[in-house]
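Each value in this text was obtained by applying a stated rule to the coordinates, not by laboratory testing. These figures come from a predicted structure and were not determined experimentally. Methodologically, a virtual Cβ is constructed for each residue, glycine included, from the backbone with ideal geometry; neighbour enumeration extends over all protein chains shown.
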Amino acid sequence: MEINGKTRIMGLLGNPVEHTLSPVIHNSLNQILKKNGVYVPFLVESEGLETAVKGAYELNVLGLNVTVPHKNQVMNALVGTDAAAEGIGAVNTLVRNEEKHGYVGYNTDMPGLLRAVRSEGIELKDKTVVILGAGGASKAVAYMCMQEQAGHIYILNRTPDKAADIAGHMNHLFGRDTMEAWALEDYRKLPEERFLVFQCTSIGLSPNVNQVVLEDAEFYSHVEVGIDLIYNPAETRFMKLVTEAGGQAYNGLKMLLYQGIIAYELWNQVSVTEEQAEAVYDRLYEAIHPSGDNIVLIGFMGSGKTTIAHILEQTYGYTFLDTDAYIEKSEGMSISQIFAAYGEDYFRKVETRVLRELQERTHHAVISTGGGMPLRRENARLLRELGKVCYLQVSEEEIWQRVKDCHDRPLLECESPKERIHNLLTKRHPRYMEAARYFIPAERRTPEEIAKEIQDLNG
Ligand code: NAP
């Protein structure tokens, strides 16, 4: 990106700011939307906050995010606040207002979470909701549940007075009596029905990944959907307990993503599409989960994944692993039998589970993957987390030459296998390109040359 006389500044006011992921979101958006802007963190002490906000306005800073510990105090330095920020009592986004000569404060945590929740097809209206925790984030969740007219809302906290303050404030603000505050240990008194849970405590946050705010399996048997605001680790213990009990579980990464996107939209007067949001999500995910030391080979059938993986094993000492063989062993069935018995969707989910297992136990391995593995977006992310993903790219004609006499390829057992290859490759090539970190031309070269190139990349 070229910085020139027209570059606009966006940034974050907070203390500390060193670990923020906001630059990943906003600078990715600048790049994707080709905006001449740059986003930087500003470390600001509480005593200097008002001066910093006024100074930023005079310096023509386009927009600012605000984080801990300034989300409340910053309201004294603004020329206005939107209704949600006022109701929640916290501002995380400042938007320039030239008429009023200052910044107007918004809270994008709340609409960010709402957009994340909706993107998963979850509706809040008339639902029974349980909010665990009564800190800063819980206020935004409580406001969202009231605004979206959830049925009954229970807010449970270790310090019950803080939960009571939020419930009292929200009931008053919305002129209802639907939010009730309890002590955390009173969860056993919750009604015998299925509910939606927002996990808003800081328990379970990395590195304390084995901790959870409630352990009781009986509680989880009532959880239809569990949303943990924590996003690191990607799957918290709370989420695991929800899934094990048969519920759906989500982490807070999409909330983080969308609160940033909404701020960016407010500053730049643009609308970010879902496809662009997905691309930013991928970069956020990669920033949190850096790649392991494995080599992952992806590509179409016949692209040479197994051959090259074996050369890397024998010449450079990697452990060889084939995901299809791994799945066949763990499921006790061949891939074709799994497809025939349960369908492709089931198979892709098994692939996701296997990738998570490999995540925990695989190091310095070369992993040869099934040809459809990166089709599921989640699998593509997990592959990149596992190691350096190399796409072995081979032309349609070359693939046909390599596989036409094979009789062990279920996908080619059809009337027109050549056409099948064309259709599948057309669909898969863009997904391979998205998933891969390295693009490796894999024809008219020896397998040894290709293996050497990959080893050099990983070296
Ligand atoms: P906060 O204001 O510090 O509140 C922390 C909450 O956790 C309080 O309810 C606190 O209870 C509870 N808690 C802490 N330790 C506990 C323990 N040992 N036992 C029981 N409860 C305990 O933090 P916050 O700003 O609300 O953030 C909460 C979580 O949400 C954090 O993990 C944060 O990373 C995450 N978050 C995510 C996003 C996102 O974009 N995804 C945005 C904001 C926050 P007491 O009141 O009794 O102390």
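Could you list, in sequence order, all residues of the stretch 158-172 that are within 29 Å of the chain's Cα centre (by Cα) and among the charged types (D, E, K, R)?
Of everything in the stretch 158-172, just one residue is within 29 Å of the chain's Cα centre (by Cα) and among the charged types (D, E, K, R), namely ARG158.
Could you please find all residues in the stretch 403-454 being in contact with a Phe, Trp or Tyr (Cβ under 8 Å, 6 or more places away or on another chain) and outside any helix (DSSP H, G or I)?
ALA436, TYR438, PHE439, ILE440
Can you tell me how many residues in the stretch 1-26 are under 20 Å from TYR258 (Cβ atoms) and in contact (Cβ under 8 Å) with a residue 24 or more places away in the chain?
So the answer is 10.
Give, as residue ranges, the helices (runs of 4 or more DSSP H) completely inside the stretch 17-89 that count at least 3 residues that are within 16 Å of the ligand (Cβ to nearest atom), within 29 Å of the chain's Cα centre (by Cα) and crowded, with 18+ Cβ neighbours inside 10 Å. Spell out the reasoning first.
On the way: elements: 22-32, 49-58, 83-88.
Those helices (runs of 4 or more DSSP H) span 22-32, 83-88.
Is there a residue being in contact with a Ser or Thr (Cβ under 6 Å, 6 or more places away or on another chain) and not in a strand (DSSP E or B) anywhere in the stretch 306-315? Give the derivation first.
So the first thing to find is which residues in the stretch 306-315 are in contact with a Ser or Thr (Cβ under 6 Å, 6 or more places away or on another chain), and the list is 306, 309.
Keeping just the survivors that are not in a strand (DSSP E or B) gives 306, 309.
Yes, that holds for at least one residue.
State whether one or more residues within the stretch 124-138 are farther than 25 Å from VAL17 by Cα and within 12 Å of the ligand (Cβ to nearest atom).
Scanning the stretch 124-138 turns up at least one residue that is farther than 25 Å from VAL17 by Cα and within 12 Å of the ligand (Cβ to nearest atom).
Just need a number here: residues in the stretch 235-264 that are of a type in the set (D, E, K, R) and closer than 29 Å to ARG437 by Cα.
Total satisfying the criteria: 2.
Against the conditions (1) under 23 Å from the mean Cα position of the chain (by Cα); (2) of a type in the set (A, V, I, L, M); (3) closer than 22 Å to ALA85 by Cα; (4) outside any helix (DSSP H, G or I), where does ILE155 fall short? Just the number, please.
In the conditions (1) under 23 Å from the mean Cα position of the chain (by Cα); (2) of a type in the set (A, V, I, L, M); (3) closer than 22 Å to ALA85 by Cα; (4) outside any helix (DSSP H, G or I), ILE155 misses (1) alone.
Could you tell me whether any residue of the stretch 173-182 is outside any loop (DSSP other than H, G, I, E, B), in contact with a helix residue (DSSP H, G or I) (Cβ under 9 Å, 6 or more places away or on another chain) and near the ligand (Cβ under 10 Å from one of its atoms)?
There is no residue in the stretch 173-182 that is outside any loop (DSSP other than H, G, I, E, B), in contact with a helix residue (DSSP H, G or I) (Cβ under 9 Å, 6 or more places away or on another chain) and near the ligand (Cβ under 10 Å from one of its atoms).
Just the residues that are outside any helix (DSSP H, G or I) and not acidic (Asp, Glu), please, taken from the stretch 316-355.
Residues satisfying the conditions are GLY317, TYR318, THR319, PHE320, LEU321, GLY332, MET333, SER334, GLY343.
Anything in the stretch 139-172 that is among the acidic types (Asp, Glu) and away from the ligand (no atom under 15 Å from the Cβ)? List them, or say none.
If the condition is that a residue be among the acidic types (Asp, Glu) and away from the ligand (no atom under 15 Å from the Cβ), then GLU148 is the only one that fits.
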